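Just so you know, all these numbers are worked out from the coordinates, no wet-lab data involved. Computed from a predicted model, the values in this text were never measured in an experiment. So basically every Cβ, Gly included, is an ideal-geometry build from the backbone, and we count neighbours across all protein chains shown.
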Amino acid sequence: MTASASSPPSPGRSPASAPSRSAPGEGVSVLAQPGPRQCTNHPDRETYVACGRCERPFCPDCLIHTVAGQRCYECAGVRRDFAQRAFARRLGQVFGIALLGGGIASLLGSILFIVLVAVVTGGAAGQSLSPLVNRRTRRLAYLVGLLALVLGAYAGWLIPLLLRTSALPVPLDMRLFALAPAVLQNLSFWLFTGLAAGLGYQRVR
């Protein structure tokens, strides 16, 4: 009677109890050791995940999702402030969209055209802001996005007024001092801004 060719499992450890870990470079990045470990960048934070390439433990704030799986910022080849720069870039787009829409709407005398421009502006602004919104950044994105939209719309209404009065023999600071409050007293401006903000919010949700 011949003995089995397979070697018996090590004492005190069954094959089913051996922890599994993905090979370096794969997308799945679960720590091999049972229980939480400390984040490499934040020792006060416990984590169960690691970079899928270097396999060092990181908290979710220190990982970025790539096409190859979760990576730390070093292995992903991006700067640590990537999220902040992306946030600022999106807010700049919202400001630019509102600036252009507000400038066009300020030149139109018809309420109907102002409403149409506000619809397009709000949809485009919401589309641009949408990638920034998640469970953690929702409130901040709404607040700062609304501020960028209002400031952009305000500048869009103010700049044409300054250009129209550029031929007057009045210094720029005096014209700005006189025209800036006039924009806030314009009901069409608030109609445009309110509609664009409301539609942008609906687009982001």
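The table for this structure:
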item: Relative contact order (%) - criterion: Cα under 8 Å, at least six apart; region: segment 77-146; result: 36
item: Paramagnetic reach from ARG164 in segment 101-125 [backbone N under 18 Å; point 7 Å along Cα→Cβ]; result: 101-115
item: Under Karplus coefficients 6.51, -1.76 and 1.60, residue-wise ³J(HN,Hα) of segment 121-126 in Hz, glycine/proline x; result: 5, x, x, 5, 5, x
item: Segment 120-176: trypsin sites (Lys or Arg not before Pro) falling in loop per DSSP and having at most 13 other Cβ within 10 Å; result: ARG135, ARG136
item: For segment 90-205, fraction of C-alpha pairs farther apart than 22 Å, in %; result: 34
item: Lys, Arg +1 and Asp, Glu -1 on Cβ, resulting dipole of segment 83-204 about Cα centre, debye, nearest 20; result: 600
